[in-house]
Amino acid sequence: MASKNFPLGDFRFTGKNNGANILAKCTICRNVFERSEFTVLEDQARKTTLHVTCRKCNTAALIFLSVAQDGAVGLGIVTDLNREEAIKMFGQEAVSADEIIDMHQLVSKHEGSFTDLFKKIN
């Protein structure tokens, strides 16, 4: 099978032997990531979630990749999570819409500082 290149922003996907290679640059300093710097958080048939920290500027990112038969889509989001935190937090149960509404109602009714509010909660 011949290689196909799918350019997409800072990502270049090269399909070889039913696999994909990724070349990505740091959003902040443009440093090229090494393949070994990526941590796979989730790997399913057509989507992969990765964490990477730039060795040059220390910016961390979550990268979401989705591969289809005719191309690939990637989305990178800068995060404050380090590698260990991302591994721990990824895949945990998401906050529900009801929990967000409950928190909104609690905050909107509270008069005072957030410190006081959190003292009440705990």
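Of note:
- Taking the numbered list (1) part of a helix (DSSP H, G or I); (2) β-branched (Val, Ile, Thr); (3) surrounded by 10 or more Cβ atoms within 10 Å (Cβ to Cβ) in turn, Thr115 passes all entries but (3).
- Of residues in the stretch 78-103 being modelled with pLDDT under 90 and small (Gly, Ala, Ser), the one nearest to Cys29 (Cα to Cα): Gly91
- Filtered residue count, the stretch 78-103, keeping only those that are surrounded by 10 or more Cβ atoms within 10 Å (Cβ to Cβ) and outside any loop (DSSP other than H, G, I, E, B): 14
- Qualifying residues in the stretch 59-72 (those that are surrounded by 13 or more Cβ atoms within 10 Å (Cβ to Cβ) and not small (Gly, Ala, Ser)) - the one nearest to Ala24 (Cα to Cα): Ile63
- Scanning the stretch 20-49 for residues that are in contact (Cβ under 8 Å) with a residue 24 or more places away in the chain and within 20 Å of Phe90 (Cβ to Cβ), we see that the one that is farthest from the chain's Cα centre (by Cα) is Ile22.
- Selection count, the stretch 39-58, where residues are surrounded by 17 or more Cβ atoms within 10 Å (Cβ to Cβ) and closer than 13 Å to Lys25 by Cβ: 2
- For the stretch 36-65, filtering for residues that are at pLDDT below 90 and small (Gly, Ala, Ser) leaves 2.
- The sole residue among Leu75, Leu106 that is in a helix (DSSP H, G or I) and either modelled with pLDDT under 90 or exposed (fewer than 13 other Cβ atoms within 10 Å of the Cβ) (or both) is Leu106.
The values are calculated or read from the model by the stated rules, or taken from the named source; none is laboratory data. If you're wondering where the values come from, they're calculated on a predicted model, not measured in any experiment. Heads up, the Cβs are rebuilt from the backbone with ideal geometry, glycines too, and the neighbour counts pull from every protein chain shown.
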